Amino acid sequence: MHIVKPVFQWSFLAPKYWLTWLAVFFLYLISWLPYRLQLVLGKGLGNLLGKLLKSRRHVAERNLQLCLPDMPEQQRQNILHKSMQNAGIALLESGMGWWWPDWRIRKHCTVEGYEHVQAILDKGKGVFALAIHNMNLEINCRGMGMTHPAVVFYRRHNNPLMEYFQYHGRARSNKLMIHKKGVAEMISSLDNGDLCIYLPDQDYGPKRCEFVPYFAVPDTATTTGTMIFAEKANCETVFLLPLRTEQGYVIKFLPGLENFPSGDDKQDVARINRKIEEMIMVAPEQYLWMHKRFKTRPKDNKQPLY
């Protein structure tokens, strides 16, 4: 089974976890500050991270160059700068999502397009929601769970103590978290009529992937894991776009693709990529550009892009 809820361990009190406890303590305290003040602090933190995490900033800058080569350089730099600020805000949004009381979540978070989810549920099917790594996803998933508790496919944190806080924070208003190896459990959840969240927009390596266009990069390793769930489970697909707006947080459910799956995995994942591009460009500064999206290259193309 890959559904293992982490429990508190006395070993978490060992000295090697003291810095983690300190970080969590400050994150918890900050989460109780006025919301607008947290945004200001987050931007400042993001500016600092942009100077300290030079390698990650370089990855984000390179991704923007590869994806949006026709965009004026100044415009790309503006997205990069705001992206780093959003990374700082995202750290504080984790605290909001993990510890805010329900009334405060309801005040700042809304859900749009839930009728697309309900239409699938009315057919007696599970809802396979394809999301993107917008950096406000942490709090938006908490807000979404207030409308419909979901099952989330995720990667465990390498730090066991952070995994304990991360799991229980994310599951606070959602149903459960399934580790990325829990394919059978995810299919079972979809067959049982659950709303399940999957993020197909990162580079998951050369296994189970097709090389298809993504923005301006013609041969991008794109997971076919999406197709395993879409084909084997009794489900239909929607897209999920998490945003932060001037009015607060909004998680948008968007209609899925027609004739999906079509039986042609390469064509289908290329269609997913085009939809992902569309969602990213709604608010490109909120997207996680710091991931090495183009690390995996085709066997006949050894030229690294980083």
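The values are calculated or read from the model by the stated rules, or taken from the named source; none is laboratory data. Everything quoted here is computed from the prediction, not taken from an experiment. Positions of Cβ are backbone-derived with ideal geometry, glycine not excepted, and every protein chain shown enters the neighbour counts.
Return a yes/no flag: does segment 207-215 have any residue that is in a loop (DSSP other than H, G, I, E, B) and closer than 24 Å to Trp98 by Cα.
For segment 207-215, residues in a loop (DSSP other than H, G, I, E, B) and closer than 24 Å to Trp98 by Cα: absent.
Listed residues Leu27, Leu33, Leu37; which is in a loop (DSSP other than H, G, I, E, B), hydrophobic (A, V, I, L, M, F, W, C), at pLDDT 95 or above and out of contact with any Lys or Arg (no Cβ under 8 Å at 6 or more places or on another chain)?
Exactly one of Leu27, Leu33, Leu37 is in a loop (DSSP other than H, G, I, E, B), hydrophobic (A, V, I, L, M, F, W, C), at pLDDT 95 or above and out of contact with any Lys or Arg (no Cβ under 8 Å at 6 or more places or on another chain), namely Leu33.
Name every residue in segment 1-31 that is aromatic (Phe, Trp, Tyr) and without any contact (Cβ under 8 Å) to a residue 24 or more places away in the chain, in order of residue number.
Result: Trp10, Trp18, Phe25, Phe26.
Quick check on Thr110: is it surrounded by 14 or more Cβ atoms within 10 Å (Cβ to Cβ) and either more than 21 Å from the chain's Cα centre (by Cα) or part of a loop (DSSP other than H, G, I, E, B) (or both)?
Considered against the rule, which asks whether it is surrounded by 14 or more Cβ atoms within 10 Å (Cβ to Cβ) and either more than 21 Å from the chain's Cα centre (by Cα) or part of a loop (DSSP other than H, G, I, E, B) (or both), Thr110 comes out as no.
Looking at (1) under 21 Å from Lys180 (Cα atoms); (2) in a strand (DSSP E or B); (3) over 14 Å from the mean Cα position of the chain (by Cα), which one does Lys295 not meet, given that it meets all the others?
All conditions pass for Lys295, except number (2).
Check whether at least one residue in segment 255-267 is touching a helix residue (DSSP H, G or I) at 6+ places or on another chain (Cβ under 7 Å) and surrounded by 21 or more Cβ atoms within 10 Å (Cβ to Cβ), and report yes or no.
No, every residue in segment 255-267 fails to be touching a helix residue (DSSP H, G or I) at 6+ places or on another chain (Cβ under 7 Å) and surrounded by 21 or more Cβ atoms within 10 Å (Cβ to Cβ).
Name the pairs: first residue in segment 195-206 and at positive phi, second residue of a type in the set (Gly, Ala, Ser) and not in a loop (DSSP other than H, G, I, E, B), Cβ to Cβ under 9 Å, at least 6 apart or on different chains?
Gly205/Ala221
Hey, Gln247 hits all of (1) farther than 22 Å from Leu137 by Cα; (2) modelled with pLDDT under 95; (3) among the polar types (S, T, N, Q) but one; which does it fall short on?
Evaluating Gln247 over (1) farther than 22 Å from Leu137 by Cα; (2) modelled with pLDDT under 95; (3) among the polar types (S, T, N, Q) leaves (1) as the failure.
Of Gly50, Gly88, Gly42, which residue is under 28 Å from Tyr214 (Cα atoms), buried (at least 18 other Cβ atoms within 10 Å of the Cβ), without any contact (Cβ under 8 Å) to a residue 60 or more places away in the chain and within 20 Å of the chain's Cα centre (by Cα)?
Among Gly50, Gly88, Gly42, only Gly88 is under 28 Å from Tyr214 (Cα atoms), buried (at least 18 other Cβ atoms within 10 Å of the Cβ), without any contact (Cβ under 8 Å) to a residue 60 or more places away in the chain and within 20 Å of the chain's Cα centre (by Cα).
I need the full set of residues from segment 114-149 which are surrounded by fewer than 18 Cβ atoms within 10 Å (Cβ to Cβ) and within 11 Å of the chain's Cα centre (by Cα), in order please.
Result: no residue meets the conditions.
Pairs under 7 Å by beta carbon, first residue closer than 23 Å to Asp219 by Cα in segment 55-83, partner hydroxyl-bearing (Ser, Thr, Tyr), six or more apart or different chains?
Partner pairs satisfying both residue conditions: Val59/Tyr306; Ala60/Ser83; Arg62/Tyr306.
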